[in-house]
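The values are calculated or read from the model by the stated rules, or taken from the named source; none is laboratory data. From a predicted model like this one, the values you see are computed outputs, not experimental measurements. Here the Cβ positions follow ideal geometry from the backbone for every residue, glycine too, while neighbour counts run over all protein chains shown.
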Amino acid sequence: DTAVSQTPKYLVTQMGNDKSIKCEQNLGHDTMYWYKQDSKKFLKIMFSYNNKELIINETVPNRFSPKSPDKAHLNLHINSLELGDSAVYFCASSPPGLAGGIAYEQYFGPGTRLTVT
Amino acid sequence: AQSVTQLDSQVPVFEEAPVELRCNYSSSVSVYLFWYVQYPNQGLQLLLKYLSGSTLVKGINGFEAEFNKSQTSFHLRKPSVHISDTAEYFCAVSGRGGTSYGKLTFGQGTILTVHP
């Protein structure tokens with residue numbers, strides 16, 4: 001199936017631990033994103049990579065570090081987890097734009113529900 | 001910078017009735033507009049988008065939206081809803097070019113509940 005996939009789907013861990021969430025897209029897209037959806041369902045962009053290059057870096061604690069080994073993968077590593085990091089994290093990708101650059105619509109993965117206890 | 005306001009947090013409606021989910025935005029630059037749907041415990045799925053051209057755009061599942069530049073609105077409509085339309089709907093905006101290019105800013109979401 002062509003899609004954006006994330007692993008794991010659920011992640012339960014204790015405060016202070018380090019964890020990673022993996023994202024892969026087989027849609028051939030150039031741009032990938034990480035979003036955080038909080039308990040009130042508010043979605044906010046965290047990072048974006050275009051062809052492995054960081055292009056959007058919102059005000060996110062530096063405990064969060066994205067890594068893009070190739071343009072089909074964008075992983076999210078979180079150090080020293082805190083209670084406030086509990087949320088659903090969504091990966092997304094978008095195809096190239098009509099005139100090059102970044103396209104407009106984004107395709108989302110199923111999400112990873114992170115619970116920090 | 002952009003911001004999006006979805007005017008209703010919850011919209012209950014009976015099956016086969018029409019529905020409108022309201023979305024207003026603000027931006028200092030021209031924008032692209034989107035509606036996404038999120039079913040329980042799933043990711044977001046694109047319903048429709050406005051990039052340019054006709055201000056009335058049609059999407060999947062019988063939904064349509066109208067871009068009104070003077071009122072900075074992008075309301076979502078469906079003439080007859082089904083039980084299966086029960087979900088949360090998100091309006092989103094992306095600036096054209098500049099540092100906002102490719103970055104989606106979402107509204108707070110509207111929960112649509114369709115009752116039999």
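Within the stretch B:51-70, which residues are in contact (Cβ under 8 Å) with a residue 24 or more places away in the chain and surrounded by 16 or more Cβ atoms within 10 Å (Cβ to Cβ)?
Pass one, the stretch B:51-70, residues in contact (Cβ under 8 Å) with a residue 24 or more places away in the chain: B:59, B:61, B:63, B:65, B:67.
Those that are in contact (Cβ under 8 Å) with a residue 24 or more places away in the chain and surrounded by 16 or more Cβ atoms within 10 Å (Cβ to Cβ): B:Gly59, B:Phe63, B:Ala65, B:Phe67.
Does any residue of the stretch B:16-24 turn out to be within 14 Å of chain A (Cβ to nearest Cβ) and loosely packed, with under 14 Cβ neighbours inside 10 Å?
For the stretch B:16-24, residues within 14 Å of chain A (Cβ to nearest Cβ) and loosely packed, with under 14 Cβ neighbours inside 10 Å: absent.
List the strands (runs of 3 or more DSSP E) inside the stretch A:1-103, counting only whole elements, that have at least 3 residues being modelled with pLDDT under 90.
Output list reads A:43-50, A:53-57.
Yes or no: A:Ala92 within 24 Å of B:Ser94 (Cα to Cα), within 11 Å of another protein chain (Cβ to nearest Cβ) and of a type in the set (Gly, Ala, Ser)?
Answer is yes for this residue.
Kindly provide the set of residues from the stretch B:92-104 that are part of a strand (DSSP E or B) and either at pLDDT below 90 or at the interface with another protein chain (Cβ under 7 Å from one of its Cβ atoms) (or both), ordered by number.
Residues satisfying the conditions are B:Ser94, B:Gly95, B:Tyr101.
Tell me, yes or no, whether the stretch A:61-72 has at least one residue that is within 11 Å of another protein chain (Cβ to nearest Cβ) and surrounded by 19 or more Cβ atoms within 10 Å (Cβ to Cβ).
no
Do we find that A:Ser48 is among the small types (Gly, Ala, Ser) and within 14 Å of another protein chain (Cβ to nearest Cβ) in this structure?
On the way: among the small types (Gly, Ala, Ser): yes; within 14 Å of another protein chain (Cβ to nearest Cβ): yes.
Spelling it out, A:Ser48 is indeed among the small types (Gly, Ala, Ser) and within 14 Å of another protein chain (Cβ to nearest Cβ).
Quick test of your reading of the structure: A:Gly109 fulfils all but one of (1) surrounded by 13 or more Cβ atoms within 10 Å (Cβ to Cβ); (2) under 28 Å from B:Ala1 (Cα atoms); (3) more than 12 Å from every other protein chain (Cβ to nearest Cβ). Name the failing condition by number.
(3)
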